[in-house]
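Take a look at the structure set out below.
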Amino acid sequence: MSDVILRSSALDPAAQPLLEGLVVEYDSRYGVTSRPGGARSEILRYPAEVYVPPLGDFLLLQRDGKTIAGGAFMSHDDETAEFKRIWTHPDLRRQGLARRIVLALERSAAELGYTRAYLTTGFRQPEATALYIALGYRPLFDPAAELALYRSLPFEKHIGAKAGLAGTSPVCRPAASPEEAAARVNVVKAEQEAKVTSRLAGYRASAA
């Protein structure tokens with residue numbers, strides 16, 4: 001049995017088990033009607049270019065040539081990389097594979113000059129929440145609140161040149177209702193998409 005972490009792409013056939021696995025995972029936990037187009041629309045929200053150095057990265061963990069875990073990150077600004085698409089094959093969980101992927105993403109992001117990692121997980125994924133806290137990520141929400149009133153749970157951690165420094169981002173209050181929480185998440189995602197799109201446009205212009 002041989003494990004290796006490889007740089008890949010969202011367009012690589014080897015990445016399809018990860019992408020399809022995430023679709024099944026999210027739709028089964030949150031329902032196919034929880035968002036327009038189901039989980040697939042969210043998984044394909046960004047072009048593959050955002051996960052390519054120097055803006056981002058896309059890593060796969062393969063065992064004997066088969067993809068069993070992976071993850072990616074993309075750029076918000078010069079400081080912050082947002083980690084995305086973190087997945088482990090459901091038959092191989094509790095083996096520390098997700099931990100290996102997150103740490104590999106941190107190393108790659110730090111090598112590209114990022115000093116802050118940001119990520120989110122859903123309120124119905126307690127095992128992901130536990131992993132990020134165990135890895136030193138700071139919750140930007142109140143863990144004692146009803147998590148459905150956040151829906152999307154954000155975390156941050158300083159990496160690279162700022163590793164070990166405490167985070168300073170404000171902690172969000174819970175929404176008044178799940179509906180308000182969903183609306184709030186949509187606003188945040190739109191803001192983040194604007195950042196990522198702007199970064200990509202700037203990179204394309206500089207490379208032209």
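So here's what we get for this one:
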{"quantity": "Qualifying GluC sites (Glu not before Pro) for the stretch 60-165 [loop in DSSP, other Cβ within 10 Å: at most 12]", "calculated": "Glu146"}
{"quantity": "Kyte-Doolittle mean at least -0.5 and Cα axial length at least 27 Å: DSSP H helices in the chain", "calculated": "178-207"}
{"quantity": "Lysine-lysine proximity count for the chain, Cα under 23 Å, sequence distance 8 or more or distinct chains", "calculated": "8"}
{"quantity": "Percentage, to the nearest whole number, of Cα pairs in the chain over 20 Å apart", "calculated": "58 percent"}
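Read the figures in this text as sums done on the coordinates, not as results from a lab. What you see is a predicted model, and the numbers here were worked out from it, not measured in a lab. Heads up, the Cβs are rebuilt from the backbone with ideal geometry, glycines too, and the neighbour counts pull from every protein chain shown.
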